[in-house]
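The next block holds one structure in the form of structure tokens; read it before the comments.
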Amino acid sequence: MFKNEGFLILFFIQFQRKHTRINNSINYRLIFNLLSMERKIRIVMAKPGLDGHDRGIKVLASAYRDAGMEVIYLGLRQTPEMIVSAALQEDADVIALSSLNNAHNTIFPRIIEIMKEKELEDVLLIGGGIIPKKDIESLESSGVGKLYGPGTPVNETIDYITNWVKKNRR
């Protein structure tokens, strides 16, 4: 259900009063369609730490936008605190990180810790980059949703995000 449904109903009632020639059934159908719309998947994307290689995450951000997601790209050199704070402020469904600098064993656990402190346990944390398989297994078992390596098809990540949000959105 749409968050501001009361506002929308009041808006259309006022609109209808001003424009009486408009067919009532059209107005009510429009209200129903707007209220039943699901909001877009909101994804906060960032490059944590000192990693300056951002071409891959920018390609993903464009692909996610093209897939209908709302992307908030925070840019380079973000701290875990900044990332989680942005996800909280933006009411994000997903936090997506790119880690190419071997700091994944520090950054991902810290973000999970802050997410728990801020009670963001219904937000998916995913990532990608150059991450060894043994580290992927330990990070995924500690709460990271999914980690992707180089060459992963973009559609695979989109499908995973979409399915997770459908099952878990608050």
Exercise. Got a sec? Which of 92, 87, 67, 96 is over 12 Å from the mean Cα position of the chain (by Cα) and among the aliphatic types (A, V, I, L, M)?
Worked result: 67
For this session: Output yes when any residue across the stretch 86-103 is of a type in the set (A, V, I, L, M) and without any contact (Cβ under 8 Å) to a residue 40 or more places away in the chain, and no when none is.
Result: yes
Problem set entry | Only listed residue being buried (at least 17 other Cβ atoms within 10 Å of the Cβ) and out of contact with any helix residue (DSSP H, G or I) (no Cβ under 8 Å at 6 or more places or on another chain), chosen from 165, 123, 94, 144 | 165
Seminar exercise, completed: Counted residues in the stretch 147-157 being surrounded by 14 or more Cβ atoms within 10 Å (Cβ to Cβ) and of a type outside the set (Ser, Thr, Tyr) come to 2
Exercise. Only one of 2, 32, 7 is aromatic (Phe, Trp, Tyr), outside any helix (DSSP H, G or I), surrounded by fewer than 18 Cβ atoms within 10 Å (Cβ to Cβ) and at pLDDT below 95; which?
Worked result: 2
Problem set entry | Close pairs from the stretch 142-158: first on the phi > 0 side of the Ramachandran plot, partner buried (at least 18 other Cβ atoms within 10 Å of the Cβ), Cβ under 8 Å, at least 6 apart | 143/112; 143/125
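The values are calculated or read from the model by the stated rules, or taken from the named source; none is laboratory data. Model, not experiment: these values are computed from the prediction. Here Cβ is always computed from backbone atoms with ideal geometry, including for glycine, and neighbour counts include all displayed protein chains.
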